[in-house]
Amino acid sequence: MSDQNLPIALFDSGVGGLTVLKAVRRLLPAEDILYLGDTARLPYGAKSPETVIRYTLQCAARLVAMKVKCLVVACNTMSAVGLPALRASYPALPVIGVVEPGAAAACRASVSGRIAVIATESTVRGGAYAAAIRRFRPDAEVRSVSCPLFVPLVEEGWFDGPVVEGIASHYLTPLFSSSPAPDCLVLGCTHYPLLQNTIRKVIGDAPCIVDSADTTAAALEAALGKAGIAAPSGRVGTTRFFTTDDALRFARVGSAFLGRPVSLDAVAEIDL
């Protein structure tokens, strides 16, 4: 089989990476996609760097065994911590993360250079977003805040309401009540876009919100084109889902992420 006809592999600690899948499917309709959500072991955000790296390599190995043409790390924690190990393990495959595209988008969007990043504890602790933002814009003032309850809320399908708004206010109000306040907020976790309406209520209309899904899809398109392995145009790509726990729940929550029904027949439970 030609590399052009091989699928793209996307993976995440859970269903959050489906926000990236949605953007990829919109931009690259001809591509076949395999998506793996390691729902049995989420959240990754509070785990040690060594554990995140081990889990990242395990997810990638399972997908590579299925014969894929590139890897998309659709998880900020995995991208922030595990990307170097992943690229070292698979030097022949294009490997796309979400941190660099998101950081570049934030630098383009911010007028003042005051940029806030919300992410998991592990992503914030590693400083990957702050470092990436300063590579694109050395004068940027970056403030990073971990929001550990956001991922479990989203995984449970809680996107809005008084409880969610109260938790979002707890994390975000101190960040945006400072003076001068950031003019740009990076959603540094692929789960967070599902909370965007609630986040907007808390921070107001002025700050721009950057979600790395679209920029990651654009980076993937560029990588496939550079490598000469983009799928032929005119075909309709397929999507297969894999989860490490409870396919029924994955299909239910995944439907909310994608904005369309996910058939249980399209979801397979696997062990890593």
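The values are calculated or read from the model by the stated rules, or taken from the named source; none is laboratory data. Bear in mind that the values here come from a model prediction, so they are computed numbers and not experimental data. Cβ coordinates were reconstructed from backbone atoms using ideal geometry, including for glycine residues, and neighbour counts include every protein chain displayed.
Restricting attention to the range 191-214, does a residue exist that is part of a helix (DSSP H, G or I), touching a residue at least 12 places away in the same chain (Cβ under 8 Å), in the same structural domain as C59 (by TED's automatic domain parsing) and farther than 21 Å from G37 by Cα?
no
Is it the case that the range 109-119 has a residue that's outside the structural domain of I53 (by TED's automatic domain parsing), free of Cβ contacts under 8 Å to residues at least 60 places away in the same chain and in contact with a Cys (Cβ under 7 Å, 6 or more places away or on another chain)?
Here is the first cut: in the range 109-119, the ones outside the structural domain of I53 (by TED's automatic domain parsing) are 109-119.
Okay, now just the ones that are also free of Cβ contacts under 8 Å to residues at least 60 places away in the same chain, so 113.
Of the ones still in play, those that are also in contact with a Cys (Cβ under 7 Å, 6 or more places away or on another chain) are none.
No, every residue in the range 109-119 fails to be outside the structural domain of I53 (by TED's automatic domain parsing), free of Cβ contacts under 8 Å to residues at least 60 places away in the same chain and in contact with a Cys (Cβ under 7 Å, 6 or more places away or on another chain).
State yes or no: is D245 outside any helix (DSSP H, G or I), outside the structural domain of L71 (by TED's automatic domain parsing) and not basic (K, R)?
Working: outside any helix (DSSP H, G or I): yes; outside the structural domain of L71 (by TED's automatic domain parsing): no; not basic (K, R): yes.
The answer is no for D245.
Residues being buried (at least 24 other Cβ atoms within 10 Å of the Cβ) and either in a loop (DSSP other than H, G, I, E, B) or among the acidic types (D, E) (or both): count how many of those fall in the range 113-131.
The total comes to 1.
Does A92 count as out of contact with any helix residue (DSSP H, G or I) (no Cβ under 9 Å at 6 or more places or on another chain), aliphatic (A, V, I, L, M), outside any helix (DSSP H, G or I) and farther than 20 Å from C75 by Cβ?
Working: out of contact with any helix residue (DSSP H, G or I) (no Cβ under 9 Å at 6 or more places or on another chain): yes; aliphatic (A, V, I, L, M): yes; outside any helix (DSSP H, G or I): yes; farther than 20 Å from C75 by Cβ: yes.
Spelling it out, A92 is indeed out of contact with any helix residue (DSSP H, G or I) (no Cβ under 9 Å at 6 or more places or on another chain), aliphatic (A, V, I, L, M), outside any helix (DSSP H, G or I) and farther than 20 Å from C75 by Cβ.
Yes or no: L224 touching a strand residue (DSSP E or B) at 6+ places or on another chain (Cβ under 6 Å), of a type in the set (A, V, I, L, M) and in a helix (DSSP H, G or I)?
Values: touching a strand residue (DSSP E or B) at 6+ places or on another chain (Cβ under 6 Å): no; of a type in the set (A, V, I, L, M): yes; in a helix (DSSP H, G or I): yes.
Answer is no for this residue.
Would you be able to say whether some residue in the range 236-250 is out of contact with any strand residue (DSSP E or B) (no Cβ under 9 Å at 6 or more places or on another chain), more than 17 Å from I33 (Cα to Cα) and in contact (Cβ under 8 Å) with a residue 40 or more places away in the chain? Break it down into steps so the answer makes sense when it comes.
Here is the first cut: in the range 236-250, the residues out of contact with any strand residue (DSSP E or B) (no Cβ under 9 Å at 6 or more places or on another chain) are 236.
From what's left, more than 17 Å from I33 (Cα to Cα): none.
No: zero hits.
Tell me, yes or no, whether the range 56-72 has at least one residue that is basic (K, R), more than 18 Å from G16 (Cα to Cα) and free of Cβ contacts under 8 Å to residues at least 40 places away in the same chain. Break it down stepwise before answering.
At the first step, the residues of the range 56-72 found to be basic (K, R) are 62, 67, 69.
Next, from what is left, pick out any that are more than 18 Å from G16 (Cα to Cα): 62, 67, 69.
After this cut, where a residue has to be free of Cβ contacts under 8 Å to residues at least 40 places away in the same chain as well, the list is none.
No, there is no match, as no residue in the range 56-72 is basic (K, R), more than 18 Å from G16 (Cα to Cα) and free of Cβ contacts under 8 Å to residues at least 40 places away in the same chain.
May I ask you to list the residues in the range 132-180 that are surrounded by 17 or more Cβ atoms within 10 Å (Cβ to Cβ), touching a residue at least 40 places away in the same chain (Cβ under 8 Å) and either outside the structural domain of P207 (by TED's automatic domain parsing) or in a loop (DSSP other than H, G, I, E, B) (or both)?
Passing the criteria: only C147.
Identify the single condition in (1) under 23 Å from G37 (Cβ atoms); (2) among the hydroxyl-bearing types (S, T, Y); (3) surrounded by 21 or more Cβ atoms within 10 Å (Cβ to Cβ) that S110 does not satisfy, given that it satisfies every other one.
Unmet for S110, out of (1) under 23 Å from G37 (Cβ atoms); (2) among the hydroxyl-bearing types (S, T, Y); (3) surrounded by 21 or more Cβ atoms within 10 Å (Cβ to Cβ): (1).
Here is a list of conditions, (1) in the same structural domain as Y55 (by TED's automatic domain parsing); (2) surrounded by fewer than 21 Cβ atoms within 10 Å (Cβ to Cβ); (3) of a type outside the set (A, V, I, L, M), and F257 meets all of them except one; can you say which number that is?
(2)
For the range 47-72, give me each residue that is in a loop (DSSP other than H, G, I, E, B) and surrounded by fewer than 15 Cβ atoms within 10 Å (Cβ to Cβ).
So the first thing to find is which residues in the range 47-72 are in a loop (DSSP other than H, G, I, E, B), and the list is 47-48, 65-69.
Once the filter is applied, which keeps residues that are in a loop (DSSP other than H, G, I, E, B) and surrounded by fewer than 15 Cβ atoms within 10 Å (Cβ to Cβ), the range 47-72 yields S48, A65, M66, K67.
Which of (1) under 19 Å from G45 (Cβ atoms); (2) assigned by TED's automatic domain parsing to the domain that holds R252 does A92 not meet, given it meets every other one?
(1)
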